[in-house]
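The values are calculated or read from the model by the stated rules, or taken from the named source; none is laboratory data. Values in this document were obtained by computation on a predicted structure and should not be read as measured data. Every residue, glycine as well, gets a Cβ built from its backbone with ideal geometry; the counts of neighbours run over all protein chains shown. Accessible surface areas use protein heavy atoms only, side chains included; no ligands, DNA or RNA. Shrake-Rupley method; radii C 1.70, N 1.55, O 1.52, S 1.80 Å.
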Protein chains: 2
Amino acid sequence: MSAMNIPKSSFPRIIIIGGGFAGIALAKKLSKKEVQVLLIDKNNYHTFQPLLYQVSTGGLEPDSIAYPIRKVLKDYPNFFFRLANVEEIVPEKKEIITNIGAIHYDYLVLATGSETNFFGNTEIEKNGMEMKSIPQSLNLRSLILENFEQALLTDDLHQRDALMNFVIVGGGPTGVELAGALAEIKKGILPKDYPDLDTRRVQINLIQSGDRILKEMSEKASKKAEDFLENLGVQVWKNVRVKSYDGKLVSTETELSFEAATLIWAAGVKGAAIKGLDAKELLIRGNRVRVNEFNQVIGFNEIFAVGDIAGMESEEFPCGHPMMAQPAIQQGRNLGENLVKLLQQKPMQPFIYKDKGSMATVGRNKAVVDLKNFKFQGVYAWFVWMFVHLFFLIGFRNRMVVFVNWVYNYIRFDREARLIIRPYKRDYTRFKD
Amino acid sequence: MSAMNIPKSSFPRIIIIGGGFAGIALAKKLSKKEVQVLLIDKNNYHTFQPLLYQVSTGGLEPDSIAYPIRKVLKDYPNFFFRLANVEEIVPEKKEIITNIGAIHYDYLVLATGSETNFFGNTEIEKNGMEMKSIPQSLNLRSLILENFEQALLTDDLHQRDALMNFVIVGGGPTGVELAGALAEIKKGILPKDYPDLDTRRVQINLIQSGDRILKEMSEKASKKAEDFLENLGVQVWKNVRVKSYDGKLVSTETELSFEAATLIWAAGVKGAAIKGLDAKELLIRGNRVRVNEFNQVIGFNEIFAVGDIAGMESEEFPCGHPMMAQPAIQQGRNLGENLVKLLQQKPMQPFIYKDKGSMATVGRNKAVVDLKNFKFQGVYAWFVWMFVHLFFLIGFRNRMVVFVNWVYNYIRFDREARLIIRPYKRDYTRFKD
C-alpha cells in the first residue's frame with residue numbers, strides 16, 4: 001500500500017484539495033472517467049456557506065447546510081476521500097504533505113477556497129468574530145445568546161448596552177444578511193424571550209468602508225437593501241473604516257466609535273494558499289494563486305486551481321472572478337472537462353464565466369436580485385432567493401429540513417434553533433472594570 | 001433590584017432547578033398562578049434525552065431534539081429564566097448560590113435529573129464515552145466517524161479492528177438503542193462510505209451485567225430485543241461485568257476482554273444532587289433525594305424534588321420510581337397542582353404513578369412495547385415507538401424536522417447527519433505502541 005492507504009492504480013492520480021463548491025463540482029465531472037481521484041478536506045462535510053448566517057442567528061441547524069463528502073462520492077469508483085490537513089505542496093516531487101502522511105499526485109487541483117482577511121490587524125482577529133465555517137457560526141450563535149443572558153444580570157446600563165450592541169464590519173452580502181437577520185430577531189424574538197430586558201436598546205450597526213453596501217451589485221440593489229435595513233432598524237454607516245477593536249471599543253478612522261461586546265468581521269476574504277505554492281510571485285491580489293484561462297497555475301503544468309483560491313486575471317475581471325459560489329462551480333465543471341481532454345491529449349477549453357446574476361436577502365419578504373437584464377427587489381426577489389438557495393443545497397434531506405424551517409419561521413415569525421449547544425467561552429469580566 | 005435582577009414580587013417565589021421533563025411539566029402547571037417562578041438551568045434549552053442516541057449515530061441533528069426554555073415560558077407572566085450553575089443550597093437561609101449570584105426562595109424544587117454513574121471507576125470515567133447530554137452525544141458522533149477515518153490509515157490489522165470495535169456497557173434502553181443504530185450503520189452506510197475498508201470487521205458488543213437485557217421490561221420484550229440485536233449482528237454478552245478500560249483494553253470480571261478504541265458507558269445513572277442537600281442521610285440508593293408522597297424533601301417543608309433526582313420510596317417502588325420521562329412528567333404535574341393547593345392552604349394530593357408502559361427500539365421495523373395488558377414487538381411496535389416519541393417532542397418545528405429525517409432515513413436506508421462538526425480530540429497515537 002502506498003501512503004494514506006490509497007491503492008496504486010493504472011489511472012493517473014488527481015488530488016483535489018478542498019470539498020467546497022469548486023472541488024465537489026470538479027469531482028462530479030470526473031466520475032466514471034479513467035482517473036483515480038483523491039479528495040482531501042479538513043472536514044468530512046461540504047459546507048453551504050451562503051446560509052451560514054442563518055446558523056449564526058438560530059434560523060437553521062448546522063447539519064442542514066452540511067453534507068457528508070463521502071456521500072457525494074459514494075457511487076464513483078476510483079474515488080477516495082481522506083480527512084486531513086494539507087501542510088505543504090512539493091511541486092518538484094509531485095507530492096503533497098499532510099498530517100496523515102505524504103502522497104504523490106499526477107495532477108493536483110487546489111480548491112481550498114478562502115479565509116477571513118483581517119488585513120494584518122491581529123487585534124481585530126483576536127477580539128472579533130468571523131463566520132466562514134460551521135464551528136465559527138455556532139460560536140457566533142452562542143455568543144449572541146450569551147450576550148443577552150449576560151445583559152440581564154448587570155445593573156450597569158453602560159455595560160448592558162455594550163452587550164446588546166452588535167457591530168458588523170463589511171457591507172457585502174454576508175454583512176447585510178447577518179444585519180437583517182439580527183434586526184428580525186430584535187423585533188420578533190427578543191421581546192418575548194427577554195420580557196425583563198429592554199430589548200429596544202439592542203443596536204445593530206453595519207459599517208461599510210465604501211460609499212454603498214452590496215457594491216458588487218447594481219446601485220438600485222444597494223439603495224433598496226439600505227432602505228430595507230434602515231426600516232428594520234439597522235444603522236448603516238458608509239465611508240467608515242474600522243481601525244481597532246480591543247474587545248470593548250470599536251474605533252474607526254473618523255471620530256465615530258462604538259462600545260460593543262461583539263464585532264463581526266465580514267469585511268474581506270483572501271485565498272487560502274498553501275505552503276509551497278504561496279510564494280509572492282505566484283499570487284495576485286487577495287492571496288489568490290495566479291492561473292491561466294484553463295485554471296492552470298502559471299509555471300506548473302500539472303497543478304490547477306479553481307474557485308476562490310484561483311486568481312484568473314482578465315480584462316473583464318482584472319482581480320479574478322468574484323469569490324462566490326457561481327464562479328467556483330463553473331470553474332470546477334470546466335476543469336473537470338479539461339482534465340479529461342488533457343488526458344486524451346485534446347486541446348483544453350478556456351474558462352468563460354457566465355454571470356447568472358447575484359442576490360442578497362435582508363429579511364422577511366425583503367431581498368434584492370440583479371439578473372443580467374432584470375433587477376428587482378422585495379417579496380418576489382425574496383422568493384427567488386429562497387428557491388435558488390434550496391435548489392443549490394446538496395441533498396434532498398437538507399432541502400426538506402431547510403424548507404420546513406423556513407416555512408415554520410415565516411408563519412411563526414420565529415427561529416427555534418436559538419440554542420447554546422457549546423458555550424463560546426469568553427471573558428465576561430472584561431466589561432467589569 | 002435583587003440578586004440576578006429578578007424583581008421583587010408580592011407573590012411567593014418558587015425556584016425550579018432544571019428544565020428537563022419534570023421541571024418543564026411543573027412550570028407549565030404554574031403558569032397563570034399567583035406565584036413568581038424562577039427556572040434555572042445550565043443550558044438554555046430542554047433536551048429530549050430519549051433521542052440522544054440518534055444524534056450520536058447521525059440520524060438526527062441536535063437542534064431538533066432541543067427546545068429553547070425561554071420559548072416554553074414566553075407566554076407566562078411572572079416567569080423568569082436564568083442560565084446558571086447552581087453551586088449550593090443553603091436551606092437555613094432559604095437561598096441558592098449560583099455562579100451568577102445568590103438568590104432567595106420561598107419554595108425550592110429540585111429537578112436536576114440524573115448523571116452518568118460510573119460507580120466510582122475513575123478509569124472508565126476518563127476513557128469511556130457517555131451520552132447524557134447533547135454535547136456528549138456530539139462528541140460520540142465525532143469519535144465514531146473519526147475512528148473509521150483513522151482505521152483507513154493504518155496497516156496494522158490489530159489496530160484497525162480495535163478502531164472498529166464498539167463496546168457498549170449496559171443493556172438498558174440506551175445501550176440497546178445505540179447498539180441497534182450502530183448495527184444499522186454498519187450494514188447500510190459503512191460499505192458505501194468506506195469502500196476501501198473491510199467494514200464487515202466492525203464489531204458491536206453489548207455487555208449486560210444481568211441475565212437479560214431491558215430488564216425493566218417483560219421477559220418477552222427482552223428476548224425479542226435480543227433476537228433483533230443478534231439478527232443485526234450485535235454480540236450480546238450477558239452476566240458479564242466490565243472491570244476496567246484503559247482506553248485500549250476492556251477487561252471484565254471473567255476471562256472475556258475486548259481490544260476497543262471506543263467504550264460507551266450506559267450502565268447506570270445517579271441523581272444529580274447539589275451541595276447543601278447531598279448529605280448521606282438525605283439520599284436513598286442511586287443518589288436520589290428522599291421525598292415523601294408529595295415530593296417534599298424529608299425534613300424540609302419548602303423544598304421539593306421531582307423526576308430522576310426524587311427518591312420516593314414505596315412498596316411498589318422500593319428504590320423510587322424508574323428514572324425515565326414518564327414519572328418525571330407526572331411528578332412535575334402533580335407537584336404543580338400541589339404547590340397551588342399548598343399556597344391556598346388546601347391539602348396536597350399524594351403522587352400516584354400511572355405506568356403507561358415502556359418501549360425500546362432496536363432498529364428499522366424492530367421495537368418492543370410493553371403496555372399494561374398488551375405486549376407486542378416488531379413493525380407495529382416500531383411505528384408506535386415513533387409516534388409516541390414524535391408526540392412527546394416539544395415544538396412543532398422539532399416534530400416536523402424529526403419526521404422529515406425519519407421518513408428520509410427510512411426510505412433511503414440512510415443517516416445524513418454523519419458530520420464531524422467539532423472533532424472530538426483524542427490521542428490517536430495510543431494505538432501506535
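Once R0 is set to 22 Å, what does the formula 1/(1 + (r/R0)^6) return for the Cβ-Cβ distance between A:LEU157 and A:LEU256, expressed as a FRET efficiency to the nearest 0.05?
0.55
With a 10 Å radius around each residue's Cβ, average the other Cβ atoms per peptide and rank B:314-326, B:11-23, highest first.
Top of the packing list down: B:11-23, B:314-326.
Take the alpha-carbon centre of the range B:153-228, take the same for the range A:92-155, and report the distance between them in whole Å.
35
Relative contact order, percent, of chain B when contacts are C-alpha pairs under 8 Å separated by at least 6 residues?
20
Would you give the gap between the C-alpha center of the range B:241-318 and the C-alpha center of the range A:321-362, rounded to a whole Å?
Cα centroid of the range B:241-318 versus Cα centroid of the range A:321-362: 60 Å apart.
Give the long-range amide H neighbours of B:LEU283: residues separated by 5 or more places, or on another chain, with amide H under 5 Å away, using H modelled in the peptide plane at 1.01 Å from N.
Counting only residues 5 or more places away or on other chains, the set is B:ARG290.
From the phi angles alone, apply the Karplus equation (6.51, -1.76, 1.60; θ = phi - 60°) to the range A:23-30 and give each ³J(HN,Hα) in whole Hz, x where the residue is Gly or Pro.
For the range A:23-30, the Karplus curve yields x, 5, 4, 5, 4, 4, 5, 8 Hz.
Checking an interface number: how much accessible area is buried between A and B, summed over both chains, with a 1.4 Å probe, in Å² rounded to 100?
It comes to approximately 5000 Å² buried between A and B.
With a Cα-only, solvent-free Debye model of the range B:344-402, what are the log10 I(q)/I(0) values at q = 0.20, 0.21, 0.24, 0.28 Å⁻¹?
Results for the range B:344-402 at q = 0.20, 0.21, 0.24, 0.28 Å⁻¹ read -0.80, -0.84, -0.96, -1.09.
Where does helix A:219-231 land angle-wise versus the long Cα axis of chain A, in degrees 0 to 90, nearest 10?
40
In Å², what does the accessible area per residue of the protein assembly as shown work out to with a 1.4 Å probe?
Details: 35970 Å² over 866 residues.
Dividing the accessible area of the protein assembly as shown by its residue count gives 42 Å².
With θ set to phi - 60° and the Karplus curve 6.51 cos²θ - 1.76 cosθ + 1.60, what are the ³J(HN,Hα) couplings of the range A:264-272 in order, to the nearest whole Hz, using x for Gly and Pro?
Once θ is set to phi - 60°, the couplings for the range A:264-272 become 10, 9, 10, 9, x, 10, 9, x, 8 Hz.
Loop-only check: which trypsin sites (Lys or Arg not before Pro) in the range A:308-386 are DSSP coil with at most 15 other Cβ within 10 angstrom? Numbers along the way, then the final one.
Values: sites: A:ARG333, A:LYS341, A:LYS354, A:LYS356, A:ARG364, A:LYS366, A:LYS372, A:LYS375; in loops: A:LYS354, A:LYS356, A:ARG364, A:LYS372.
Answer by residue number: A:LYS354, A:LYS356, A:LYS372.
With all protein chains present, how much of the accessible area of the range A:1-49 (probe radius 1.4 Å) comes from carbon and sulfur, to the nearest whole percent?
48
Any chance you could count the Lys pairs in the range B:41-156 whose alpha carbons are under 29 Å apart, treating pairs 8 or more apart or on different chains as valid?
10
Note the distances from B:PRO423 to each other copy's matching label point, with points 7 Å along the Cα-to-beta-carbon direction, in nm, sorted shortest first.
The projected label point of B:PRO423 is separated from its counterparts by 2.5 nm.
Could you please point out the chain B residue with its Cβ nearest to the axis of the rotation taking chain B onto chain A, and the distance in whole angstrom?
Nearest residue, distance rounded to whole Å: B:GLU61, 2.
For the pair B:ASN365/A:LEU390, report the inter-label distance in nm, with labels modelled 7 Å from Cα in the Cβ direction.
3.2
Which far-off residues, 5 or more places away or on another chain, put their amide H under 5 Å from the one on B:PHE80, with H placed in the peptide plane?
B:VAL37, B:LEU38, B:LEU39
How would you rank B:107-115, B:412-420, B:93-101, B:261-269, highest first, on the average number of other Cβ atoms within 10 Å across their residues?
Averaged packing, sorted descending, gives the order B:107-115, B:261-269, B:412-420, B:93-101.
If R₀ is 45 angstrom, what is the calculated FRET efficiency for the pair A:HIS104 and A:ASP246, using the beta carbon separation as r and rounding to 0.05?
0.40
Enumerate the calculated ³J(HN,Hα) couplings along the range A:35-50 in order (Karplus 6.51 cos²θ - 1.76 cosθ + 1.60, θ = phi - 60°), each rounded to whole Hz, writing x wherever the residue is Gly or Pro.
Those phi angles translate into 9, 9, 10, 10, 9, 10, 8, 7, 10, 8, 9, 8, 9, 8, 4, x Hz.
Given label points at 7 Å from Cα along Cα→Cβ, what nm distances, shortest first, separate B:GLN345 from the same residue in every other copy?
10.5
Helix-only mean residue ellipticity at 222 nm, chain A, DSSP H runs n ≥ 4 weighted -39,500 (n - 2.57), per residue, nearest 500. What is it?
After summing the helix terms and dividing by residue count, I get -9500 deg cm²/dmol.
Over the whole of A:341-347, what's the average partner chain Cβ count within 10 Å per residue? Rounded to a whole number, please.
0
May I ask you to derive the FRET efficiency for B:GLN349 and B:LYS223 from their Cβ-Cβ distance with R0 = 45 Å, giving the value to the nearest 0.05?
0.70
What per residue convex hull volume, in Å³, comes out for the protein assembly as shown when only alpha-carbon positions are used?
Per residue, the Cα convex hull of the protein assembly as shown comes to 170 Å³.
Against the longest principal axis of chain B, how steep is helix B:396-412, in degrees 0 to 90 to the nearest 10, with axes from Cα atoms?
Between the helix axis and the principal axis of chain B, the angle is about 10 degrees.
Need one number: nm distance between label points at B:ILE411 and A:TRP406, each 7 Å from Cα along Cα→Cβ, rounded to one decimal.
Inter-label distance under the simple model: 1.9 nm.
Average partner chain C-beta neighbours within 10 Å, per residue of A:149-158? Provide the component values of the computation, followed by the final result.
Numbers: counts 7, 2, 1, 8, 8, 1, 2, 0, 0, 0.
Partner Cβ neighbours, averaged per residue: 3.
Just flag the chymotrypsin sites (Phe, Trp or Tyr not before Pro) in the range A:289-377 sitting in loop per DSSP whose Cβ has no more than 14 other Cβ atoms within 10 Å.
A:PHE374
Considering only the label points, 7 Å along Cα→Cβ from Cα, what distances in nm to one decimal separate A:GLU34 from the same position in each other copy, shortest first?
8.9
Would you please give the residues with an amide H less than 5 Å from that of A:HIS46, counting only those at least 5 places away or on a separate chain, with H modeled from the backbone geometry?
A:TYR67, A:ILE69
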